[in-house]
Every structure is written in C-alpha cells, then in structure tokens.
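Q: Before we start, here is the structure in question, set down as structure tokens.
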Amino acid sequence: MLDEDLARIRAHRNNIHRYRRLLRTRLSELERQFIERRLAEEQTALDALAAEFPVAFALPTGQDSARMGPSDERRP
C-alpha cells in the first residue's frame, strides 16, 4: 500500500510539473483554461493524498532547523 501511495504522489507531482511547463508555452485561451483546470485538479488530488499519507515528519524543537545538518543532530 505504501508503494502504491508513493507512486500516486509521484504521478501527481509529475503531472503538475508537466502542466506548469506547458503553461510557460504559447497556448490558445481554450488550451490554457483546460491546462489550468487540470493543474488545479492534480493539485487537489495531491493535497488529499498527502493529507492521508501515514508518514509525518517533525522538526526538533528549540533549534534552528535551517542551520541544523545531519551531524548536528548528535551533538549535545
């Protein structure tokens, strides 16, 4: 199940990137509307799937996570 969910997330992300790339090209107004609608649908599907995803990541409290690297986690 986890592999299937990750594959779905990857597919939605790939579609979103493809639609964004297409929006940077010359399109008719009808094509642009279609792609914008599909982009919104893919983003909604990705958000819903990500909300159900069983893995959550928590940042350490009391530390600047932007400065913390892998070796910093073991330091007192």
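The values are calculated or read from the model by the stated rules, or taken from the named source; none is laboratory data. Quick caveat, the model's predicted, so the values are computed rather than measured. Glycine also receives a Cβ, built like all others from the backbone with ideal geometry; neighbour counts cover every protein chain displayed. Please note that ligands, DNA and RNA were not included when accessible areas were found on the heavy atoms of the full protein model with its side chains. Shrake-Rupley method; radii C 1.70, N 1.55, O 1.52, S 1.80 Å.
Q: Search segment 5-22 for residues being over 10 Å from the mean Cα position of the chain (by Cα) and open to solvent by less than 40 Å² (accessible area, probe 1.4 Å), and hand back the single one that is farthest from Glu52 (Cα to Cα).
A: Within segment 5-22, the match that is farthest from Glu52 (Cα to Cα) is Tyr19.
Q: Here's another thing I want to ask about it. So how many residues does segment 23-52 have that are more than 14 Å from the chain's Cα centre (by Cα) and assigned to a helix (DSSP H, G or I)? Reasoning before the result, please.
A: Of the residues in segment 23-52, the ones more than 14 Å from the chain's Cα centre (by Cα) are 23-38.
Checking which are assigned to a helix (DSSP H, G or I) leaves us with 23, 29-38.
Of the residues in that region, 11 qualify.
Q: Something else now. What pairs come out if I take residues in segment 1-24 that are closer than 14 Å to Thr44 by Cβ and pair them with residues that are of a type in the set (Phe, Trp, Tyr) and in a helix (DSSP H, G or I) whose C-beta lies under 6 Å away, six or more apart or interchain?
A: From residues that are closer than 14 Å to Thr44 by Cβ, there are no pairs.
Q: Considering (1) at pLDDT below 95; (2) surrounded by 11 or more Cβ atoms within 10 Å (Cβ to Cβ); (3) of a type in the set (Val, Ile, Thr), say which one Thr44 fails and leave the rest.
A: (1)
Q: Could you figure out which of (1) open to solvent by 100 Å² or more (accessible area, probe 1.4 Å); (2) modelled with pLDDT of 95 or more isn't true of Leu39?
A: (1)
Q: I've got another one for you. Only residues that are at pLDDT 85 or above and surrounded by 10 or more Cβ atoms within 10 Å (Cβ to Cβ): list them for segment 47-73, please.
A: First, pick out the residues of segment 47-73 that are at pLDDT 85 or above: 47-51.
Residues satisfying the conditions are Asp47, Ala48, Leu49, Ala50.
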